[in-house]
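In what follows, a structure is listed as structure tokens, so that the remarks can point back to it.
The values are calculated or read from the model by the stated rules, or taken from the named source; none is laboratory data. The shown structure was predicted, so the numbers you read here are calculated from the model rather than taken from an experiment. Please note: Cβ atoms are built from the backbone with ideal geometry, for glycine as well, and neighbour counts cover all protein chains shown.
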């Protein structure tokens, strides 16, 4: 007997899916061309309806209805999703279903019954738990990226959380962030070897309990370090702290969470940062899913489903929808546009309906071809703007998009925002 | 039932390994639709969210692949059913031996002839993506009420066709030009100018001689029962206003930078006579981009952002008795002024009250962009997940008003028993076409699919309204499909089912194309009857 | 020319007597002779029918069709008074009965509110226009239709109407029909099919306006354009508009056909104007004048190409409407550097209104030289200059006087395509001219087809030409339809691609 309480909680949502397929596309009124109308990398790659947000709702319902087996295909359907949340935003533009939560729940369900995560993802999870980073690298080497002349302030209220990808793979971003913070005179500290994985690679593949333990530990550490504002340059870590930690731990975090772009925006507003060098470049900006729609906190709701008139039930008070309204979209743009010489030209799919880079949700580890194809699709859109460079704010996006640029041998450059900021200081 | 390996491999060879699946995880997904329970009743299955699952799902990428797939399926004696965007129970298979041909990969806009105002589309082109591309040429497309995310090809060749802008953009059946059609045996027939050997083109779908469009579909299409349509040309319309599309803000608070010369009018009427007269006048003056009548509650849903918003707006809109929703669009100031003048004149002579002019009901800018993008109809699903539509006949405005009047007391019986949602009996979508030359009306009834009494009520309500249609000669609903319905309505309607069945037998003698929502051959019908007797 | 033996005709007459009144059947050779050919050259070989009947009810038609099935007779319908064109009513085999509907001429209903009329096939344009005017309605008309031509016949033939914006579908203005299939079964198409009788439908507010269906096929589309080979129609409903109160007509002229196309495309696109079509100077002169000398005089005064754009208004805001449309059209004209004029040399607005609103006492195409073979097909506006050139080349080759070619281009289906027509004028009493005209007609038709002209109304010899240029699957599909609705091929055997039974 397979326990399905978690999925059962979402039965109402599943049953209200009308299979309208809005989830496959950016919000309909935002469509400006046929080429860049899709929001779901998964169904673009795999084609069958199952691989859409709505398709996964139906899959979940099929499981509850005992209509389908637990097999490799099911695992593939569940895990060939970057959990970008595009389906969620599009669906909720009109409806109030929860495709993304159901997808997450499906993963947690598969893990609970021993059918998930998948092999490569398992390795990442094991690594993250064992050596505190999904790459299996030595934990002692975590701070290797720190510039020798970096100025850290013990007891500073601002803490910089580099995250695993910036610590081991995109070290240039962590280094650049620290140099920038130093240059603009921000007093901050780092957790050093107390910095463990934020839990994203564990959580996103459905290992909820394992992730929960890690989350609790991380919160304690940040608190113990006296950090009042945790700043990160990684969108993945940002979304975890901002949105998933409060949800999973069912608590308000005892510290503020900022992305470095938000910090910079504030400082620019206060006149504490001035860009002195020109960076003449036409750029286009890619919204990382986890900095944008994925970072929106889960709204609290303490209402009931009430029959407002016979046969018409509605949540009362109205249930607030998590639909990407409060993601971090403008801060990076505001910073970019204040860099002298930068000209920003936008892609068609931006902000809460930006197209995913293809890396997240355990996809890059387990389905590298899918991740690369998605990256290529996004790059095609970036190139259509005729910009010379693609800019983003996430080391994982950088990894996957750079892989895509290399795969198509494009001369388009890629920069993280922090790199351009450093160039301009 | 499982697909035998040999057939699977044959199909796999045609489309490639990643484009076919017989895994139940995949196939069962296609057994779901928003009307699954009704489907289960229709096919005699135990009630469930899932009706019949296809034996396999296949994704061909070209007309040639579709032909080969259809031929292969036909040769082995299985059935097939094509679908594209797949909204609605009509996309489901009617037995265990049907392969779903999911046309997702055929998504090209093959051509836009801006001068001659048509576009050639494949099945997975959406109304919205087509409109976005046509906007660049200052053109527009008709979109069905199901929303901009559904396929105009499916609507034109295989399904229904009413849309919120139908007074100005017609009905899908009437907007088709050349068609590329894979018959149930895999042969490819090209309608109209497309069939020319010398310089084939897409601009005409009729002839030489009579038009095979008459076989292809009627008021509704064959819903997968007569082969696969792999491309068609659709007539385009002028973009109704300034061709700009700028949206700011973040979901859900979008602001649409209003093009010049657009204005909603929500005009209320107190009785059916005045409403009828107003509909006639508005449509024959040829001024509306949108001209339709629905209940106050429906308008509340249409103009609400979401369910939370609906709770706030329902109070205001719910006071409307018989509202006409009129959207005026224009290209020039003088056109706009003329149309507004006409509106004011008609409102006065027909005793209407323009609530938008009075600024009592002011749709947001997002409502305008949704109107342009034909998204308003989707809002109907806000209030509840389960509904069905009664009536659905199409002829004159007059007969649709008769339907509306007759519906009220019947529906209220069930509303008063709390078995159907309370819309005052006035839940309706009455839509005019081609400047009011004809109209259709369907009465949505919301029910609780978890409540057996409510489900029984909706069935009973439908039967009673069908009886009314027959007794009062109210025109066959355009949703009539399937053997049982045809055998019911046919004898009441010139025995049309005899001819329709003959067409099926001529074009699909082996019943290869899934007939669940079309009509079966005589032999298949006999076989089905035997199976049902055995089940019983 | 083949004659039926009088003995055989008498036998047929005997079998027909129980069905028709005595004065509704004839085997009089003088009367039969009038059906053996028409004024179009080269479309058909002439053949006399065995008999002609004038049905006046659907019951008679049904019984006739049943008899035809039993006795292997052929039936050819006609509903216009002579002169007739395009060989549509000419028998193609022995034992053919001409079914002449000219006595079935009731205007069954005029529905002003719903803007629809129900006509029997014998109602002609003269009668129809008069009745519509009285009722305050404005019919959808072809260009200056012959007064004795059948309205239903024209609609069934898909004859193009002159107001593109009201031509939503190529089938317009045809709506519902009542008919008898080749099997003898009666049927009603569209909303008329039911449920209920027509009276019951009307009582509920129905108006037999919706042409589609019933349900999942549209038999009216199979009957329309079939040249009588699928069913015999006993009434049809047609779309009409309300009468106009004001009209203002403009002309756009040029020396080159395509010069004003951008402008014409633009106003078609934005649904400005009502009647819109293009003529060459010869055809406009033929339309407006009544004798060859006057025609010659007028054509010399006129520019080579004339586009006619007429604006109308109805009701209390009629002039407001015209003001708007005129303003917008002038803006587009300025945009393309075009001058619109409201008069032409020798042309008055009254005379123009006549050809837009009335019926012609004689077929206008015969006014110039007495004979006219018209070549017409569907194309798109931008392709028409190329076809005009092809025709001229063939004319030169065959020594046909190019100055006797009239051109009429009618945008249809709201501008998605056009009816493109070349009128070859000739003196039918001049054997040489007739011969040249026939050769030109045949060769030009073939040349046009070879270059993609879509002859979707394939009369006579065009049928073989076009069906050999069409995908065989189309022919196969049409044959399937024919086998259902007329399995014994009693209706117009030999038309379209249905060759069986033609000797």
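Which condition number does residue A:194 fail, the rest of (1) touching a helix residue (DSSP H, G or I) at 6+ places or on another chain (Cβ under 7 Å); (2) buried (at least 18 other Cβ atoms within 10 Å of the Cβ) being met?
Only one criterion in (1) touching a helix residue (DSSP H, G or I) at 6+ places or on another chain (Cβ under 7 Å); (2) buried (at least 18 other Cβ atoms within 10 Å of the Cβ) is unmet by residue A:194, namely (2).
Name the one entry in C:426, C:422 that is buried (at least 24 other Cβ atoms within 10 Å of the Cβ), within 18 Å of the chain's Cα centre (by Cα) and outside the structural domain of residue C:86 (by TED's automatic domain parsing).
Going through C:426, C:422 in turn, the sole match is C:422.
From the list C:165, C:134, which residue is farther than 19 Å from residue C:208 by Cβ, surrounded by fewer than 22 Cβ atoms within 10 Å (Cβ to Cβ) and within 14 Å of chain B (Cβ to nearest Cβ)?
Answer to the selection: C:165.
Rundown of residues vs (1) within 10 Å of another protein chain (Cβ to nearest Cβ); (2) farther than 21 Å from residue B:166 by Cα, yes/no style:
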site: B:350; (1), (2): no, yes
site: B:355; (1), (2): no, yes
site: B:359; (1), (2): no, yes
site: B:366; (1), (2): yes, no
site: B:379; (1), (2): yes, no
site: B:389; (1), (2): no, no
site: B:403; (1), (2): yes, no
site: B:417; (1), (2): yes, yes
site: B:422; (1), (2): yes, yes
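Would you call residue B:279 assigned to a helix (DSSP H, G or I) and either under 30 Å from residue C:220 (Cβ atoms) or without any contact (Cβ under 8 Å) to a residue 12 or more places away in the chain (or both)?
So residue B:279 fits the description; yes.
Quick one: in segment B:127-150, which of the residues that are more than 7 Å from chain A (Cβ to nearest Cβ), assigned to a loop (DSSP other than H, G, I, E, B) and touching a strand residue (DSSP E or B) at 6+ places or on another chain (Cβ under 8 Å) is surrounded by the most Cβ atoms within 10 Å (Cβ to Cβ)?
Across segment B:127-150, the extreme among qualifying residues is B:141.
Given the structure, is residue B:255 out of contact with any helix residue (DSSP H, G or I) (no Cβ under 8 Å at 6 or more places or on another chain), surrounded by fewer than 24 Cβ atoms within 10 Å (Cβ to Cβ) and either within 30 Å of residue C:464 (Cβ to Cβ) or more than 12 Å from chain C (Cβ to nearest Cβ) (or both)?
Considered against the rule, which asks whether it is out of contact with any helix residue (DSSP H, G or I) (no Cβ under 8 Å at 6 or more places or on another chain), surrounded by fewer than 24 Cβ atoms within 10 Å (Cβ to Cβ) and either within 30 Å of residue C:464 (Cβ to Cβ) or more than 12 Å from chain C (Cβ to nearest Cβ) (or both), residue B:255 comes out as no.
Buried (at least 24 other Cβ atoms within 10 Å of the Cβ), within 9 Å of chain B (Cβ to nearest Cβ) and touching a strand residue (DSSP E or B) at 6+ places or on another chain (Cβ under 8 Å): is that true of residue C:216 in this structure?
Judged against the criteria, residue C:216 is a match.
Would you call residue C:434 surrounded by fewer than 17 Cβ atoms within 10 Å (Cβ to Cβ) and either over 29 Å from residue B:496 (Cβ atoms) or within 20 Å of the chain's Cα centre (by Cα) (or both)?
Spelling it out, it is not the case that residue C:434 is surrounded by fewer than 17 Cβ atoms within 10 Å (Cβ to Cβ) and either over 29 Å from residue B:496 (Cβ atoms) or within 20 Å of the chain's Cα centre (by Cα) (or both).
Is it fair to say residue B:316 is more than 8 Å from every other protein chain (Cβ to nearest Cβ), part of a helix (DSSP H, G or I) and in contact with a strand residue (DSSP E or B) (Cβ under 7 Å, 6 or more places away or on another chain)?
It is false that residue B:316 is more than 8 Å from every other protein chain (Cβ to nearest Cβ), part of a helix (DSSP H, G or I) and in contact with a strand residue (DSSP E or B) (Cβ under 7 Å, 6 or more places away or on another chain).
Being outside any loop (DSSP other than H, G, I, E, B) and either surrounded by fewer than 23 Cβ atoms within 10 Å (Cβ to Cβ) or within 12 Å of chain A (Cβ to nearest Cβ) (or both) is the filter here; which residues of segment B:31-40 pass it?
B:31, B:32, B:36, B:37, B:38, B:40
Quick one: would you say residue C:228 is more than 7 Å from chain B (Cβ to nearest Cβ), at positive phi and either surrounded by 24 or more Cβ atoms within 10 Å (Cβ to Cβ) or in contact with a strand residue (DSSP E or B) (Cβ under 7 Å, 6 or more places away or on another chain) (or both)?
So residue C:228 passes the test.
Is it true that some residue in segment B:442-452 is in a helix (DSSP H, G or I) and modelled with pLDDT under 95?
Among the residues of segment B:442-452, at least one is in a helix (DSSP H, G or I) and modelled with pLDDT under 95, which makes the answer yes.
Does residue A:87 fit the bill of being buried (at least 19 other Cβ atoms within 10 Å of the Cβ), closer than 30 Å to residue A:8 by Cβ and either within 14 Å of chain B (Cβ to nearest Cβ) or at pLDDT 95 or above (or both)?
Yes; evaluated as a whole, the condition is true for this residue.
Does segment B:378-401 hold any residues that are in contact (Cβ under 8 Å) with a residue 60 or more places away in the chain, crowded, with 24+ Cβ neighbours inside 10 Å and in a loop (DSSP other than H, G, I, E, B), and which are they?
Answer for segment B:378-401, where residues must be in contact (Cβ under 8 Å) with a residue 60 or more places away in the chain, crowded, with 24+ Cβ neighbours inside 10 Å and in a loop (DSSP other than H, G, I, E, B): B:383, B:386.
So for segment A:183-190 (the condition being assigned by TED's automatic domain parsing to the domain that holds residue A:241, assigned to a loop (DSSP other than H, G, I, E, B), in contact with a helix residue (DSSP H, G or I) (Cβ under 8 Å, 6 or more places away or on another chain) and closer than 30 Å to residue A:75 by Cα), does at least one residue qualify?
No.
Go through the residues of segment B:41-58 one by one and say whether even a single one is surrounded by 15 or more Cβ atoms within 10 Å (Cβ to Cβ), in contact with a strand residue (DSSP E or B) (Cβ under 7 Å, 6 or more places away or on another chain) and modelled with pLDDT under 95.
yes
Can you find, within segment B:456-480, the residue that is nearest to residue B:396 (Cα to Cα) among those that are within 8 Å of chain C (Cβ to nearest Cβ) and surrounded by fewer than 23 Cβ atoms within 10 Å (Cβ to Cβ)?
The residue in question is B:472.
From (1) under 21 Å from residue B:25 (Cβ atoms); (2) surrounded by fewer than 23 Cβ atoms within 10 Å (Cβ to Cβ); (3) within 14 Å of chain A (Cβ to nearest Cβ); (4) in contact with a strand residue (DSSP E or B) (Cβ under 9 Å, 6 or more places away or on another chain), pick out the condition that doesn't hold for residue B:96.
With respect to (1) under 21 Å from residue B:25 (Cβ atoms); (2) surrounded by fewer than 23 Cβ atoms within 10 Å (Cβ to Cβ); (3) within 14 Å of chain A (Cβ to nearest Cβ); (4) in contact with a strand residue (DSSP E or B) (Cβ under 9 Å, 6 or more places away or on another chain), residue B:96 is out only on (4).
Go through A:29, A:113, A:2 for me and flag whichever is at pLDDT 95 or above and either more than 26 Å from residue B:304 (Cα to Cα) or within 7 Å of chain B (Cβ to nearest Cβ) (or both).
A:29
Out of segment A:38-67, which residues are surrounded by 24 or more Cβ atoms within 10 Å (Cβ to Cβ), at the interface with chain B (Cβ under 9 Å from one of its Cβ atoms) and outside any helix (DSSP H, G or I)?
A:48
Can you confirm whether residue B:404 is modelled with pLDDT of 95 or more, part of a helix (DSSP H, G or I) and under 19 Å from the mean Cα position of the chain (by Cα)?
For residue B:404, the condition - modelled with pLDDT of 95 or more, part of a helix (DSSP H, G or I) and under 19 Å from the mean Cα position of the chain (by Cα) - is not met.
As an exercise: evaluate residue C:94 against (1) buried (at least 24 other Cβ atoms within 10 Å of the Cβ); (2) assigned to a loop (DSSP other than H, G, I, E, B) and give the number of the one condition it does not meet.
(1)
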